[in-house]
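One structure below.
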Amino acid sequence: MNIWQWVQETRAQLYKDDEHRLADLMDRIPSLACDDAHAELDAVVPEALAHARRLDLDWAELFIRHWNLQSRILHRMETGEYLTEAIDLLEFAHRDGVKDCPQSVCTTQDLAVAYAQRDGKGFVEERLAVASETLGRIDPTWQCFECISNEYANALFDDGRPQEMLDFLEEQVQTLVENCPPRMAQYRKEGFNGGKISALDALGRADEALALAQEDITRL
């Protein structure tokens with residue numbers, strides 16, 4: 001599934017409707033978050049949300065709020081102030097008319113990471129629950145399959161369960177192999193290597209962890 005297709009289609013429709021500013025902001029906001037241009041992001045998010053709400057575009061609102069949380073939580077680690085927003089956005093993402101948006105899945109990562117930053121061990125059960133619920137409603141061919149799987153695995157690790165983490169990641173690799181074309185599965189399963197390295201190291205299997213890390217380095 002191409003989780004960006006709806007964004008491209010929405011922006012195209014916005015241009016047709018002479019709503020150029022929102023279309024431009026939806027194009028710009030993810031880059032601002034990923035490129036650490038947080039001051040500029042903070043300046044445009046309120047405007048973008050105002051446009052989305054004026055036009056009753058719930059999917060666009062979800063998109064903007066998600067990327068704001070990516071900036072606030074994943075990059076700046078401002079969990080204290082934005083944990084409530086992450087919870088609110090997950091609830092918003094489950095509403096009728098919104099839950100079908102591909103971006104709704106991404107709110108799980110926002111909340112899981114917020115929980116982990118606030119108190120990883122203390123919020124293990126919440127992290128496992130939110131990731132498990134999302135994994136139950138997405139397809140392995142979706143690009144977010146690795147992301148949500150890793151959030152579940154990280155919760156297991158923080159709970160002192162590295163063997164369960166490793167077993168879970170191996171199951172997810174097998175799921176990719178069974179559901180994706182061979183070349184795609186080979187590429188995407190590498191997204192689990194970081195978690196597998198951590199689990200192997202915690203289990204005292206340092207040689208295997210080092211070998212896997214060296215494979216990753218070789219591919220760079």
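Count, please, the residues in the stretch 58-98 that happen to be more than 17 Å from Ala129 (Cβ to Cβ) and not in a helix (DSSP H, G or I).
Residues in the stretch 58-98 being more than 17 Å from Ala129 (Cβ to Cβ) and not in a helix (DSSP H, G or I): 7 in total.
Can you report the number of residues in the stretch 107-137 which are among the hydrophobic types (A, V, I, L, M, F, W, C), within 21 Å of Trp59 (Cα to Cα) and open to solvent by 20 Å² or more (accessible area, probe 1.4 Å)?
Total meeting the criteria: 1.
Quick one: in the stretch 41-64, of everything that is surrounded by fewer than 13 Cβ atoms within 10 Å (Cβ to Cβ) and not small (Gly, Ala, Ser), which residue is nearest to Asp96 (Cα to Cα)?
Asp56
Where in the stretch 138-220 are there helices (runs of 4 or more DSSP H), lying wholly inside it, with at least 1 residues that are touching a Lys or Arg at 6+ places or on another chain (Cβ under 8 Å) and farther than 19 Å from Gly120 by Cα?
Once the helices (runs of 4 or more DSSP H) in the stretch 138-220 are filtered for at least 1 residues that are touching a Lys or Arg at 6+ places or on another chain (Cβ under 8 Å) and farther than 19 Å from Gly120 by Cα, what remains is 145-158, 162-179, 206-219.
Give just the number: which of (1) surrounded by fewer than 22 Cβ atoms within 10 Å (Cβ to Cβ); (2) free of Cβ contacts under 8 Å to residues at least 60 places away in the same chain does Trp67 not satisfy?
(1)
For the stretch 97-116, which residues satisfy the criterion of being at pLDDT below 95 and over 21 Å from Ala155 (Cβ atoms)?
Gly97, Lys99, Asp100, Cys101, Pro102, Gln103
Give Asn179, Asn154, Asn193 a once-over and let me know the one that is open to solvent by less than 20 Å² (accessible area, probe 1.4 Å) and either of a type outside the set (Val, Ile, Thr) or modelled with pLDDT of 95 or more (or both).
Unique residue meeting the criteria: Asn193.
Out of all the residues in the stretch 6-35, which are within 17 Å of the chain's Cα centre (by Cα) and either free of Cβ contacts under 8 Å to residues at least 12 places away in the same chain or open to solvent by 90 Å² or more (accessible area, probe 1.4 Å) (or both)?
Ser31, Asp35
Does Leu49 qualify as being in a helix (DSSP H, G or I), of a type in the set (A, V, I, L, M) and in contact (Cβ under 8 Å) with a residue 40 or more places away in the chain?
no
Do you know which of the residues in the stretch 206-219 that are open to solvent by 80 Å² or more (accessible area, probe 1.4 Å) and more than 14 Å from Gly191 (Cβ to Cβ) is modelled with the lowest pLDDT?
Result: Thr218.
Tell me which residues, restricted to the stretch 76-106, are more than 29 Å from Gln8 (Cβ to Cβ) and open to solvent by less than 30 Å² (accessible area, probe 1.4 Å).
Passing the criteria: Thr79, Leu83.
The values are calculated or read from the model by the stated rules, or taken from the named source; none is laboratory data. Only a predicted model underlies this, so the values are computations on that prediction, with no experimental measurement involved. As a convention, Cβ positions derive from the backbone with ideal geometry for all residues, glycine included, and neighbour counts pool all protein chains shown. The protein model used for the area step is the full one, side chains on, heavy atoms only, and it has no ligands, DNA or RNA in it. Shrake-Rupley method; radii C 1.70, N 1.55, O 1.52, S 1.80 Å.
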